[in-house]
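Written out below as structure tokens is the structure these notes cover.
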Amino acid sequence: TETYWYLGISAPYSSIMKQVNVNLYYALIAGIAGLILLAIIIYLVAINITRPINRVTEQLNKLSRGIIDDDMKLKLKTGDEIEEMSNALNTSIDKLKNKNQFAKNLGNGNLDYEFELIDKEDELAISLIEMRDNLKEARKEEDKRRQEDEIQSWITKGITKTSDILRTHNQSIERLTFETLNYII
């Protein structure tokens, strides 16, 4: 400096380093505690996100294997997309249960079981309704064919019996007339 005087302060090195070390230890403890607290918060947030997703995934896997049960419905109140996914899954379960019940009734021959088409884009429901209508039509055709077969069988039996009467009683006109009228009456 351009001044001829100066001021110096002397401090023992150990006392300065002691305070620095204390501050360093406090900073390290605060940092470690902060990291532990941050890790706990991240873990809790991750669990709150993954647990509902895992539950939805588990139910979707059951559904993909063909399991349909009321116990599969989820009641999640997360207020986010996961709740929307669980609500969509619950709706799908309800619709599949209705389709399953309808298919069971069709399989048991109950073609009059009512099934209402809720969504015009539901291809499975449309196919099931078409199958029911085709089965009804096939049943009508089968009944018509059976009636025609019964009539044809009745005619054939009548002709056969009449032929037997004619062949058996062709010696006596009185006996032939009596047997023919007896059969016809």
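The values are calculated or read from the model by the stated rules, or taken from the named source; none is laboratory data. Just so you know, these numbers come straight off a predicted model, no measurement behind them. Note that each Cβ is placed from the backbone with ideal geometry, even for glycine, and that neighbours are counted across all protein chains shown. Just the protein is used for accessible areas: all its heavy atoms, side chains included, with ligands, DNA and RNA removed. Shrake-Rupley method; radii C 1.70, N 1.55, O 1.52, S 1.80 Å.
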Quiz item: Given the Cα-Cα distance of residue 181 and residue 164 and 0.36 nm per residue of separation, how much length would full extension add, in nm?
Solution: 4.8 nm
Exercise. Determine the gain in length on full extension of the stretch residue 122-residue 7; use 0.36 nm per residue of separation and subtract their C-alpha separation, reporting nm with one decimal.
Key: 32.2 nm
Practice problem: Please report, in Å, the Rg and the Dmax of the chain, where both are computed over Cα atoms only. | Solution: 45.6, 172
Quiz item: Tell me, what % of the accessible area of segment 93-170 is carbon and sulfur with a 1.4 angstrom probe?
Solution: 49 percent
Exercise. Pick out which of 46, 138, 27 has the largest mean-square fluctuation in a Gaussian network model of the chain, springs linking Cα atoms closer than 10 Å.
Key: 27
Quiz item: Which of the residue pairs 95/136; 73/99; 62/120 have a Cα-Cα distance greater than 28 Å in the structure shown?
Solution: none
Quiz prompt | 16 Å reach of a label modelled at residue 154, 7 Å along Cα-to-Cβ, counting backbone N of segment 164-185 | solution = 184-185
Quiz prompt | Per residue accessible area in Å² of the chain, where ligands, DNA and RNA are left out and the probe is 1.4 Å | solution = 83 Å²
Practice problem: Taking the Cα atoms of segment 1-88, report the difference between the largest and smallest coordinate on each principal axis, in whole Å and largest first. | Solution: 96, 28, 20
Quiz item: When the Kirkwood radius is taken over all Cα pairs of segment 33-139, what Stokes-Einstein diffusion coefficient follows at 25 °C and 0.890 mPa s, in µm²/s?
Solution: 147 µm²/s
Practice problem: Show that you can apply the helix-only estimate: for the chain, add -39,500 (n - 2.57) for every DSSP H stretch of four or more residues, divide by all residues, and state [θ] at 222 nm to the nearest 500. | Solution: -27000 deg cm²/dmol
Quiz item: For the chain, modelled as a Gaussian network with Cα springs under 10 Å, which listed residue fluctuates most, 162, 50, 78?
Solution: 162
Practice problem: Send over the semi-axes of segment 94-185's equivalent ellipsoid, whole angstrom and largest first, taken as the square roots of 5 times the C-alpha gyration tensor eigenvalues. | Solution: 56, 10, 8
Quiz item: What percent do you get for the relative contact order of the chain when only Cα pairs under 8 Å and 6+ apart count?
Solution: 9 percent
